[in-house]
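The values are calculated or read from the model by the stated rules, or taken from the named source; none is laboratory data. Quick caveat, the model's predicted, so the values are computed rather than measured. Cβ coordinates were reconstructed from backbone atoms using ideal geometry, including for glycine residues, and neighbour counts include every protein chain displayed.
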Amino acid sequence: MTINVILAGATGWAGSELARAMAKTPDLKLVAAVARKQAGRVLGDVLGEPSLTGRVYASAAEALAIPCDVFVEYTKPDSAKANILAALEHGAHVVVGTSGLTESDFAEIDVVARKYGRGVLACGNFALTVVLLQKFAEAAARLIPQWEIIDYASDAKIDAPSGTVRELAFRLSKVRAPEHTVPLDKTIGPPDIRGATVSGSQVHSIRLPGHVIGAEIIFGMPDQKLTIRHDAGSSARPYVDGALLAIRKVSTLLGVHRGLDAVLDL
Ligand SMILES: NC(=O)c1ccc[n+]([C@@H]2O[C@H](COP(=O)([O-])OP(=O)(O)OC[C@H]3O[C@@H](n4cnc5c(N)ncnc54)[C@H](OP(=O)(O)O)[C@@H]3O)[C@@H](O)[C@H]2O)c1
């Protein structure tokens with residue numbers, strides 16, 4: 001059975017790599033794309049992939065006039081929520097790769113998804129190594145009550161923390177709340193010096209040239225510590241296989257699910 005897909009952000013760094021992979025994937029058909037600058041063109045002409053015959057539309061609302069089974073959101077944080085809600089209202093299941101959505105955004109999206117009987121699979125990072133980082137961190141948090149997270153990305157990344165780190169902090173909040181030997185409000189120094197609290201975890205975002213994207217979690221116990229770290233290189237290749245899996249599996253879900261392991265047997 002072929003799954004018809006609309007890909008929002010198909011001309012971007014992550015979306016174009018996914019679109020090229022879909023061109024070689026017989027069970028997935030890219031029926032339309034969303035991106036403003038190339039609107040009106042055929043996606044295959046833009047990406048040099050003749051088998052991608054779907055057209056590019058300037059908005060999700062216009063693209064969704066084409067029937068689809070799954071809508072993939074890979075644009076920017078400021079357009080993501082409206083695109084996702086529009087897709088659900090058109091009866092599509094949704095895969096979210098875009099970072100920057102908040103817990104309250106997801107809560108709102110969950111209500112709409114359940115109203116329309118559709119699944120939303122949101123993965124701050126589709127890379128298998130990140131799925132493992134999240135699983136290992138959850139296991140560690142069950143045994144070690146103190147941790148902090150460092151979020152690394154390039155100076156050009158406009159949102160902070162990354163979707164990966166936001167998701168990691170959210171998942172750890174389901175395991176337990178981290179402990180602090182000195183309560184945060186008793187710290188002597190500038191108020192933000194201990195980082196920002198994201199879903200209960202202290203997060204420190206670093207935005208510098210030379211970084212691509214990475215996440216590090218440090219667990220501390222008396223006289224011992226454990227560091228789990230993930231770093232990705234500069235290509236969008238690590239995110240393709242996970243995104244393809246998410247597209248194939250999202251219709252088995254109802255409401256919002258976070259992280260690729262919702263459809264992986266780990
Ligand atoms: N989940 C993961 O594994 C993963 C991996 C990589 C990146 N990401 C996240 O995915 C998102 C996209 O990253 P990227 O590096 O691919 O960005 P990018 O290269 O800037 O691409 C953004 C794409 O979205 C389109 N777009 C942006 N704003 C739009 C709007 N208002 N309406 C319609 N189209 C719009 C852009 O085309 P126009 O500018 O022509 O409109 C372009 O096609 C970011 O949030 C990033 O953090 C997630």
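Among the residues of the stretch 73-91, those identified as within 11 Å of the ligand (Cβ to nearest atom) and either within 19 Å of Ala23 (Cα to Cα) or surrounded by fewer than 19 Cβ atoms within 10 Å (Cβ to Cβ) (or both) are Glu73, Tyr74, Lys76, Pro77, Asp78, Ser79, Ala82. Every condition in (1) more than 13 Å from the ligand (Cβ to nearest atom); (2) at pLDDT 95 or above; (3) surrounded by fewer than 19 Cβ atoms within 10 Å (Cβ to Cβ) holds for Val70 except the one numbered (3). If you filter the stretch 6-31 down to residues that are in contact (Cβ under 8 Å) with a residue 60 or more places away in the chain and more than 15 Å from the ligand (Cβ to nearest atom), you find that the one that is farthest from Ser51 (Cα to Cα) is Asp27. The set of residues in the stretch 226-245 that are farther than 12 Å from Leu18 by Cα and touching a strand residue (DSSP E or B) at 6+ places or on another chain (Cβ under 7 Å) comprises Leu226, Thr227, Ile228, Arg229, His230, Asp231, Ala232. The set of residues in the stretch 145-168 that are under 14 Å from the mean Cα position of the chain (by Cα), more than 9 Å from the ligand (Cβ to nearest atom) and under 14 Å from Arg229 (Cα atoms) comprises Val165, Leu168.
Of all residues being more than 13 Å from the ligand (Cβ to nearest atom) and touching a Ser or Thr at 6+ places or on another chain (Cβ under 7 Å) in the stretch 32-46, which is farthest from Asp241 (Cα to Cα)? Just the residue, please. Here the residue is Val42. Does Glu49 satisfy the criteria of being away from the ligand (no atom under 14 Å from the Cβ), modelled with pLDDT of 95 or more and touching a Leu at 6+ places or on another chain (Cβ under 8 Å)? Taking the combined requirement at face value, the residue satisfies it. You will find that of Asp223, Asp241, Asp261, the residue that is over 20 Å from Lys157 (Cα atoms), in contact with a Phe, Trp or Tyr (Cβ under 8 Å, 6 or more places away or on another chain) and among the acidic types (Asp, Glu) is Asp241 and no other. When Glu103 is tested against the conditions (1) at pLDDT 95 or above; (2) more than 13 Å from the ligand (Cβ to nearest atom), the lone failure is (1). In the stretch 114-138, which residue that is away from the ligand (no atom under 11 Å from the Cβ) and assigned to a loop (DSSP other than H, G, I, E, B) is nearest to Leu260 (Cα to Cα)? So, considering only residues that are away from the ligand (no atom under 11 Å from the Cβ) and assigned to a loop (DSSP other than H, G, I, E, B), the one nearest to Leu260 (Cα to Cα) is Arg118.
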